[in-house]
């Protein structure tokens, strides 16, 4: 019975070992035959908590593991003491092989890696994501990387620490003593001004101002409610009514005038046509008039002497008529009966 029990125990151990080996092989065969692409990055800060085999995640998705952690001065001929981290990535991450133009384009778009912490355990991993290239420029290097290079950015803890240090340095540069002295001086000045201010006088002036405002408001109410303003409003309304009546009375003649304008325009157009026809006959009429004037001029030139003699005769006749008129005025009997009668002899004695 004891030999049978040992046999069963041994058989169970052997079968369990075989099953465990098969499970390990089955679970690790994918990792063994999975194709990896090595990329490297350089970190200018402490990588405490990061170990070989630590996870590499892209937005929370596992995409690789840390293969090597070293210093750049060990791997390359340089004096820069960056931490060199080589990462094994799968080729399915960016649908392109590392080192290809497509992968370089992803880096240009802002692909960066940085150190991240897993909770409060202190373990760290590498986080990959896209960031602003202008605010996260690549580190300066003076060597040629052996593997495709992915720039790194500072971890959130380091960024927070640097921000706190900048704030503390700003506080250190503040002259607290001078600031306190300035505040005390300002408070003292305010106190003196408050003590020297005559608040009673200010209150009296404020009351007087309010009294003047009330008085002005009362006068405005009286002015608006007065009979003169009301009569002015009434006169304005009457004037507006009169103006409206004038416009209404002038509206009909204006409409008639506008209606007669087309006929007047037609009459003017006909008159213009007649003037055009008369103007067209003017050259012939002016020619005939010129010929007539020339004939009269020639007639006057040929009969000039006879006309002069006729004018002299007419002048003599006019003088004779004048003398006859004067004589008839003085001696009317002489005109009617001839020479005057002889003087009387009786009268001469």
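The values are calculated or read from the model by the stated rules, or taken from the named source; none is laboratory data. Bear in mind that the values here come from a model prediction, so they are computed numbers and not experimental data. Neighbour counts are summed over all protein chains in view; Cβ atoms, including those assigned to glycine, are modelled from backbone coordinates with ideal geometry.
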Qualifying residue in the stretch 98-106 (condition: under 44 Å from the mean Cα position of the chain (by Cα), modelled with pLDDT under 90 and not in a helix (DSSP H, G or I)): no
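Just a yes or no: is a residue in the stretch 66-73 under 12 Å from residue 89 (Cβ atoms), out of contact with any helix residue (DSSP H, G or I) (no Cβ under 9 Å at 6 or more places or on another chain) and modelled with pLDDT of 85 or more? I'd like the intermediate steps shown before the answer.
Restricting attention to the stretch 66-73, the residues satisfying the condition of being under 12 Å from residue 89 (Cβ atoms) are 66-67.
With the extra rule that they be out of contact with any helix residue (DSSP H, G or I) (no Cβ under 9 Å at 6 or more places or on another chain), the set shrinks to 66-67.
Retained after the next criterion (residues that are modelled with pLDDT of 85 or more): 66-67.
There is at least one residue in the stretch 66-73 that is under 12 Å from residue 89 (Cβ atoms), out of contact with any helix residue (DSSP H, G or I) (no Cβ under 9 Å at 6 or more places or on another chain) and modelled with pLDDT of 85 or more.
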For residue 40: the one exception among (1) under 56 Å from the mean Cα position of the chain (by Cα); (2) outside any strand (DSSP E or B): (2)
So residue 158, is it at pLDDT 80 or above and in a helix (DSSP H, G or I): yes
Pairs where the first residue, in the stretch 158-177, is at positive phi and the second is surrounded by 10 or more Cβ atoms within 10 Å (Cβ to Cβ) and assigned to a helix (DSSP H, G or I), C-beta under 9 Å, 6+ apart: none
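Restricted to the stretch 28-54, and to residues that are more than 30 Å from residue 71 (Cβ to Cβ) and surrounded by 10 or more Cβ atoms within 10 Å (Cβ to Cβ), which residue is modelled with the lowest pLDDT? Before you say what the answer is, go through the steps one by one.
Quick first cut of the stretch 28-54, residues more than 30 Å from residue 71 (Cβ to Cβ) only: 28-30, 33.
Then drop every residue that is not surrounded by 10 or more Cβ atoms within 10 Å (Cβ to Cβ), which leaves 28-29.
Details: 28: 52, 29: 48.
Residue satisfying both the conditions and the ranking: 29.
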